Each structure stands twice: as structure tokens, then as C-alpha cells.
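**Q** The structure's right below; bear with me while I get my questions together.
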Amino acid sequence: MKPKKYFTASVLAAIQKEKILGIRAGTDSTHRVIGIWSVVVEGRVFVRSWSMKPRSWWRTFLEDPHGEVFVAERKRGIRVRAVQVKSEKMKDRVGAAYKEKYNTPGSIRYVEDMSLSPSRDTTTELVPI
């Protein structure tokens, strides 16, 4: 059995500090890098989709769970695997982390939307590979 991989402490700190995480979903190189919101909970990285459009990063990950994240000023991406979260308790923790991190007046409405279904159901953990 392969040992479980983790993000380094410095990468986790950067993800927690930065408001935007660059992400490329899937292994198809034509998918562009976009910026999304992310949170760190219990040393793990989580993301949620706000729009869930047919060609969104989240739907791409459902079909092909591999991709890359780009953190802060790092020029190289970190390869990840997207894992859909099933635990309601973890979804609650992720929701609380979003409310704490994205608390500006302009962000609050989006965070509230992302705390409800169907966005809440898109909670995804990004695991380095």
C-alpha cells in the first residue's frame, strides 16, 4: 500500500493565506487554469463549486479526478486528485472555514450560497499525488 501524501506545511500555509487558488481540472491540457476559493481544514485542502456549470472544474473532476493546483507565486503546479466529500460533519467544518476566511461584505453572499445545497454537495478534497 502506498503511503498517503500530504501537502507540505508551507503549501498549506500559503493556501490558507491566499484568497484564490489556481486550479486546472482533469488531465486534458486544454482546460485552462482558473481561480477558485479554497480552505484548509485539519491540514487538508477543500474546495466547493458555486456555479456547477456543465463545463465547470467540478464536473470535469467528476469525469477525471486528476488535475493541478497553483499556489501563490509558485510557477509549477502541484498534481492533485479530487475526492468528493461524503461526511456531513466535514462539510459543516468546511462551511465554517469558508465563513471564517471569506468574510468581507462582498464575499458573504457567495459564502452563504455555498453553504447550502447544491453547492455544499460539491465539497471536494484536493489530495496531492
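All of the numbers you see were taken from the coordinates with simple rules; none came from a lab. It should be emphasised that the depicted structure is a prediction, and the values quoted were computed from it without experimental measurement. For neighbour counting, all protein chains shown are included, and Cβ atoms are generated from backbone atoms with ideal geometry for every residue, glycine included.
**Q** State the extension gain, in nm to one decimal, for the chain segment bounded by Trp50 and Ala72, taking 0.36 nm per residue of separation less the distance between their alpha-carbons. Walk me through the numbers on the way to the answer.
**A** Working: separation 22, 0.36 × 22 = 7.92 nm, distance 2.16 nm.
Fully extending the segment from Trp50 to Ala72 adds 5.8 nm.
**Q** For Arg81, Arg44, what ranking results if the residue with the fewest other Cβ atoms within 10 Å of its Cβ goes first?
**A** Listing Arg81, Arg44 from fewest to most nearby Cβ atoms yields Arg81, Arg44.
**Q** How large is the helix-only mean residue ellipticity at 222 nm for the chain, computed as the sum of -39500 (n - 2.57) over DSSP H runs with n ≥ 4, divided by its residue count, in deg cm²/dmol to the nearest 500?
**A** So the calculated ellipticity at 222 nm is -9000 deg cm²/dmol.
**Q** Please give the contour-minus-distance gain from Ile129 to Asp28: 0.36 nm per residue of separation, less the Cα-Cα distance, rounded to one decimal in nm. Can you show the working numbers first?
**A** Working: separation 101, 0.36 × 101 = 36.36 nm, distance 1.69 nm.
Separation in residues times 0.36 nm, less the Cα-Cα distance, equals 34.7 nm.
**Q** Find the all-direction average of the projected area of the Cα convex hull for the chain, expressing the result in square nanometres with one decimal place. It would help to have the intermediate numbers written out before the result.
**A** Working: hull surface 32.6 nm².
Mean shadow area of the hull around the Cα atoms is 8.2 nm².
**Q** Separate question: Neighbour counts of other C-beta atoms within 10 Å: give me Thr104, Thr122, Thr27 arranged from fewest to most. Don't skip to the answer; put the middle values down first.
**A** Numbers: Thr104 9, Thr122 23, Thr27 13.
If I rank by nearby Cβ atoms, fewest first, I get Thr104, Thr27, Thr122.
**Q** Assuming 0.36 nm per residue, please report the length gained on full extension of the stretch Glu100 to Ser117 beyond their Cα-Cα distance. The partial results should precede the final answer.
**A** Details: separation 17, 0.36 × 17 = 6.12 nm, distance 1.92 nm.
That pair, Glu100 and Ser117, stretches by 4.2 nm at full extension.
**Q** A further question follows. Using unit Cβ charges (K, R positive; D, E negative) and no other charged atoms, how large, in debye to the nearest 20, is the dipole of the chain about its Cα centre? All intermediate terms of the calculation are to be shown ahead of the outcome.
**A** Working: 25 positive and 14 negative charges, 60 e Å.
I would put it at about 280 debye.
**Q** Also, quick follow-up: Which whole-number percent gives the relative contact order of the range 11-110, counting Cα pairs below 8 Å spaced six or more residues apart? List each step's numbers first, then the result.
**A** Details: 134 pairs, mean separation 27.1, N = 100.
Computed value for the range 11-110: 27 percent relative contact order.
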